[in-house]
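The values are calculated or read from the model by the stated rules, or taken from the named source; none is laboratory data. It should be emphasised that the depicted structure is a prediction, and the values quoted were computed from it without experimental measurement. Quick reminder, even Gly has a Cβ in these numbers, built from the backbone with ideal geometry, and neighbours come from all protein chains shown.
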Amino acid sequence: MPDLYDTVIIGAGPAGVSAAIYAARAGLNALWLDNSFIPGGQIADSGNVDNYPGIPGISGVELGETMAAHAARFSMEPVRAKVLRIDRTEDNAWLIHTKKNDYQTRTVIFAAGASHRHLGIPGEEELGGSGVSYCATCDGAFFKDMDTVVIGGGNTACEDALFLSKICRKVYLVHRRDALRADQAAAYPVLHTANIEVLWNTVPEEIIGTDVVTGLRVKDVKTGEESVRNVSGVFIAVGMEPASALVSDLVDIDETGYVIADETCVTSAPGFFAAGDIRTKPLRQVVTAVADGANAVASVQKFLREAG
């Protein structure tokens, strides 16, 4: 049987990094697992992070690297491994299975985050990486002086449209309602940028192209009228999909797939804690994820004390 850890942290986004730092400072025998070689989780997709206190205007990549370097100061670096399965052992510990190794632990801090939600329309999968993107800050530079479209109406969609407007000739923003869901701070500049056109009450029907994207077929939800926008890039920003499939039979999850846990990060399974974007919460931001990492470690310490 493998060595028994106090806790195993799964995920290297802000919640995972924070948990790693707090676990190290608490003197816990902790293992940190992540399958990505780019630190920071979702924030690595952000061109500019302007709402994290103390370091305004930092890029997402730089913030992720800075956080990882902070953890490394405490000799905490993630083991690069994909978690394949998590089992409960007979003595109420947890067994984490990866491709190469198994790890036994008294507690788990699950900070696996979420991934980009897909539309499920024709052309989306076929043209992925050939004009279809889920990250404007990652891929926008490839569409300099071209026409592009962003699909969505939340903060991310507005931020993506504004980012692309500085690179692209024309940006369409496709939104199924007659008002944006984004905060005013994100929506206002979009509505007042000359080369951004919002297509209200509109849904995407098909991404057109053979080898690369050449257009997007859309439909007006009120009239049923269809039309095509000739674009070279389609950026999809319609929300995130929680990475909870791995634990759906271990802990309670809500109807949208998020692990049910409050700010203490305590789940329905004793010794299993959920931190960051994976858990139920009203606001998913870097600051709330970092707080979760700290709270999760505090809950782990409390659990270990009470378990004896």
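Out of curiosity, is V221 assigned by TED's automatic domain parsing to the domain that holds N295, touching a Ser or Thr at 6+ places or on another chain (Cβ under 8 Å), over 30 Å from C138 (Cα atoms) and not polar (S, T, N, Q)? No; evaluated as a whole, the condition is false for this residue. Within segment 1-56, the set of residues being in contact with a Pro (Cβ under 7 Å, 6 or more places away or on another chain), in contact (Cβ under 8 Å) with a residue 40 or more places away in the chain and assigned to a loop (DSSP other than H, G, I, E, B) comprises just one member, A12. Exactly one residue out of V251, V228, V218, V234 is modelled with pLDDT of 95 or more, outside any helix (DSSP H, G or I), touching a Lys or Arg at 6+ places or on another chain (Cβ under 6 Å) and not charged (D, E, K, R), and it is V228. Looking at E90, E65, just one residue is without any contact (Cβ under 8 Å) to a residue 40 or more places away in the chain, out of contact with any strand residue (DSSP E or B) (no Cβ under 6 Å at 6 or more places or on another chain) and under 26 Å from M240 (Cβ atoms), and that residue is E65. Scanning segment 191-215 for residues that are touching a Lys or Arg at 6+ places or on another chain (Cβ under 9 Å), of a type in the set (A, V, I, L, M, F, W, C) and under 18 Å from S232 (Cβ atoms) yields a count of 4. Do you know which of the residues in segment 221-238 that are surrounded by 14 or more Cβ atoms within 10 Å (Cβ to Cβ) and of a type outside the set (A, V, I, L, M, F, W, C) is nearest to I21 (Cα to Cα)? Checking each candidate, the answer is G233.
The rows are residues; the columns are (1) farther than 25 Å from T89 by Cα; (2) touching a strand residue (DSSP E or B) at 6+ places or on another chain (Cβ under 8 Å).
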{"residue": "V228", "(1), (2)": "yes, yes"}
{"residue": "I236", "(1), (2)": "yes, yes"}
{"residue": "A243", "(1), (2)": "no, yes"}
{"residue": "I253", "(1), (2)": "no, yes"}
{"residue": "P270", "(1), (2)": "no, no"}
{"residue": "T280", "(1), (2)": "yes, yes"}
{"residue": "A289", "(1), (2)": "yes, no"}
{"residue": "V297", "(1), (2)": "no, yes"}
{"residue": "Q301", "(1), (2)": "no, no"}
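For segment 106-120, does any single residue satisfy the condition of being under 28 Å from D220 (Cβ atoms), without any contact (Cβ under 8 Å) to a residue 12 or more places away in the chain and among the small types (G, A, S)?
Yes, there is a match, as at least one residue in segment 106-120 is under 28 Å from D220 (Cβ atoms), without any contact (Cβ under 8 Å) to a residue 12 or more places away in the chain and among the small types (G, A, S).
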